[in-house]
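Have a look at the structure below before the remarks.
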Amino acid sequence: MQKNKMTIPDLVQMKSKAEKITILTAYDFPMASIIDQAGIDAILVGDSLGNVVLGYESTVPVTMEEMLHHIKAVKRGTKRAVLIGDMPFMSFNISIEESIFNAGRFIKEGGADAVKVEGGNGKTIATVKAIVEAGIPVMGHLGLTPQTACILGGYKVQGKNAEKAKEILQQAQALESAGCFSIVLECVPDKLSEVVTQKLKVPTISCGAGSACDGQVLVIHDMLGMYEHFVPKFVKQYANLTKEISRATQDYIQEVRQGKYPGQEHIFNMDQEEVEKLGC
Ligand code: KIV
């Protein structure tokens, strides 16, 4: 594991060295500290924040201020990993000037190293190019783009037929030409990821896009079993923290009710002399 701070060029070079890139999301200081110290290559403060932390039904309501609040917390816990902030819906869709301004806030105020932008239509490509030209590294995101899931017909696998697959490949190539340093492919068939990965110089990151990509990203609440409302097919749960937190909570309730907690080891004592002076 590299000991120094990881950089964007380090991530890009991992593709040529055939080293898999590992990315997880985080939304607060303690989780960022744990996964940073465990050796993750990059941390994404995803707008999945809306679902798994803020309890919204989709990522659409997430605001710039909510994202910034969490990026700042994650930044305080991130010493080594590359930190990427996910641009929320409508923060990069109105004008190029506003998009650069918002991306700049993630870097200047949030302390992020890069931003992520969903989509690959002509307008988004022009926006990505302008943000990169302003000196801000951009990660692209194609396939299932949750911010526009309603246009895609819901949270469905994308690029299953040749025509749609070609469209995604062309968008990936356009994003690379616009200057993206990496592209997330979400919920696309393994074969399409393989083709895109072979055609691009920059790394592809799979989020439910199979094993051919240059790296993987998962929402941390999904992989830790902390978000039971919906578990996508592609998620592997490496722990079941919902069960563990629920068990610990029930033990606590029981012990408080039974007078078992706090025990002697959790109590602060007073010297007997001082107790006597109290005279009570
Ligand atoms: O918002 C998010 O967490 C994401 C990842 C799932 C790629 O965009």
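The values are calculated or read from the model by the stated rules, or taken from the named source; none is laboratory data. Keep in mind it's a predicted model, so treat the numbers as computed, not measured. Virtual Cβ from ideal backbone geometry, glycine too; neighbours counted across all protein chains shown.
Overview of results
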quantity: Residue, surrounded by the fewest Cβ atoms within 10 Å (Cβ to Cβ), within the stretch 211-237, restricted to residues that are over 30 Å from Tyr261 (Cβ atoms) and more than 16 Å from the ligand (Cβ to nearest atom); calculated: Ser211
quantity: Residue match in the stretch 194-210 (condition: of a type outside the set (S, T, N, Q) and more than 20 Å from Gly119 (Cα to Cα)); calculated: no
quantity: Tabulated pairs, the stretch 241-265, first outside any helix (DSSP H, G or I), second surrounded by 10 or more Cβ atoms within 10 Å (Cβ to Cβ), C-beta under 6 angstrom, 6+ apart or interchain; calculated: Tyr261/Glu255
quantity: Of the criteria (1) more than 16 Å from the ligand (Cβ to nearest atom); (2) of a type in the set (S, T, N, Q); (3) in contact (Cβ under 8 Å) with a residue 12 or more places away in the chain, which one Ser48 fails; calculated: (1)
quantity: Identity of the residue in the stretch 183-199, polar (S, T, N, Q) and either touching a strand residue (DSSP E or B) at 6+ places or on another chain (Cβ under 6 Å) or outside the structural domain of Gln171 (by TED's automatic domain parsing) (or both), that ends up nearest to Tyr155 (Cα to Cα); calculated: Ser193
quantity: Cβ pairs under 6 Å, 6+ apart, first in the stretch 73-90 and of a type in the set (Gly, Ala, Ser), second more than 12 Å from the ligand (Cβ to nearest atom) and in a helix (DSSP H, G or I); calculated: Ala73/Phe29; Gly77/Phe29; Gly77/Ala32; Gly77/Ser33; Ala81/Asp36; Gly85/Ile71; Gly85/Phe106
quantity: Subset of the stretch 80-104 [in a helix (DSSP H, G or I) and surrounded by fewer than 21 Cβ atoms within 10 Å (Cβ to Cβ)]; calculated: Ile96, Glu97, Glu98, Ile100, Phe101, Gly104
quantity: Whichever residue in the stretch 174-210 is under 21 Å from Pro146 (Cα atoms) and among the polar types (S, T, N, Q) and, among such residues, is farthest from the ligand (Cβ to nearest atom); calculated: Ser193
quantity: Answer from Leu144, Leu152 - the residue that is within 16 Å of the ligand (Cβ to nearest atom), at pLDDT below 95 and over 21 Å from Ile8 (Cβ atoms); calculated: Leu152
quantity: Search result, residues across the stretch 1-34 that are farther than 24 Å from Met223 by Cβ and either of a type in the set (Gly, Ala, Ser) or at pLDDT below 95 (or both); calculated: Lys3, Asn4, Ser16
